[in-house]
Amino acid sequence: MAELESHPFQPHLTRTTPVYSTFQCLAAHAPSLDPSLRSLILSSTDSDESLEILEEIMSEDIETRSLFSTTQAVTIFRGGEKTNVLPEVAWAIVNHRIATDRC
């Protein structure tokens, strides 16, 4: 499970997603948005380089990254019943939220 959680899916921001449209809307209408971020978002409509920089910046925050990346989380883990005894059977449930632009 540690191996699974230590290798999260790589984020990928594309211009066709609702998240990107939301970023564009914020750049156009949110007066409190940082001016340099606003400029980057607006320039990303025509510039692949700006889009890559925007993806990198937005990926720094795990909550924002989860809006445009596939996420995975181990939610239930079951193993042994006694201390210092290896379990005969162990299992886990992993939840995934699949990024819509990667289908």
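I need the chymotrypsin sites (Phe, Trp or Tyr not before Pro) found in region 1-47, filtered to DSSP loop residues with at most 16 other beta carbons within 10 Å of theirs. It would help to have the intermediate numbers written out before the result.
Numbers: sites: Phe9, Tyr20, Phe23; in loops: Phe9.
Sites meeting the loop and neighbour criteria: Phe9.
With θ set to phi - 60°, apply the Karplus curve 6.51 cos²θ - 1.76 cosθ + 1.60 along region 29-35 and write out the HN-Hα couplings as whole Hz, x wherever there is a Gly or Pro.
10, 9, x, 7, 5, 3, x
Would you mind working out the magnitude of the charge dipole of the chain relative to its Cα centre, with +1 at each Lys and Arg C-beta and -1 at each Asp and Glu C-beta, to the nearest 20 Debye?
Computed charge dipole of the chain: roughly 420 debye.
For the chain, what is the accessible area per residue in Å² when the probe is 1.4 Å?
On the way: 7520 Å² over 103 residues.
Solvent-accessible surface per residue comes out at 73 Å².
How large, in percent, is the carbon and sulfur part of the accessible surface of region 50-103 at a probe radius of 1.4 Å?
On region 50-103, the fraction of accessible area on carbon and sulfur atoms equals 53 percent.
Could you give the Stokes-Einstein D for region 39-95 in µm² per second, using the C-alpha Kirkwood radius, 37 °C, 0.692 mPa s?
222
Using just the C-alpha positions of the chain as equal point scatterers, what log10 of I(q)/I(0) does the Debye formula give at each q in 0.11, 0.15, 0.18 1/Å?
-0.47, -0.69, -0.88
Counting GluC sites (Glu not before Pro) as exposed when in a DSSP loop with at most 14 other beta carbons within 10 Å, what is the longest stretch of the chain free of them?
With GluC sites (Glu not before Pro) excluded where exposed in loops, the chain gives 1-59 as its longest stretch.
Would you check the accessible area of Asp34, probe 1.4 Å, heavy atoms only, in square angstrom rounded to 10?
In the full protein context, Asp34 sits at about 80 Å².
With point charges of +1 on the Cβ of Lys and Arg and -1 on the Cβ of Asp and Glu, referenced to the Cα centre of the chain, which listed residue (Phe77, Thr22, Ser6) lies farthest in the positive direction of the dipole?
Looking along the dipole axis, the top candidate is Phe77.
The values are calculated or read from the model by the stated rules, or taken from the named source; none is laboratory data. Model, not experiment: these values are computed from the prediction. Positions of Cβ are backbone-derived with ideal geometry, glycine not excepted, and every protein chain shown enters the neighbour counts. Just so you know, the surface numbers come from the protein's heavy atoms only, side chains and all, with ligands and any DNA or RNA stripped out. Shrake-Rupley method; radii C 1.70, N 1.55, O 1.52, S 1.80 Å.
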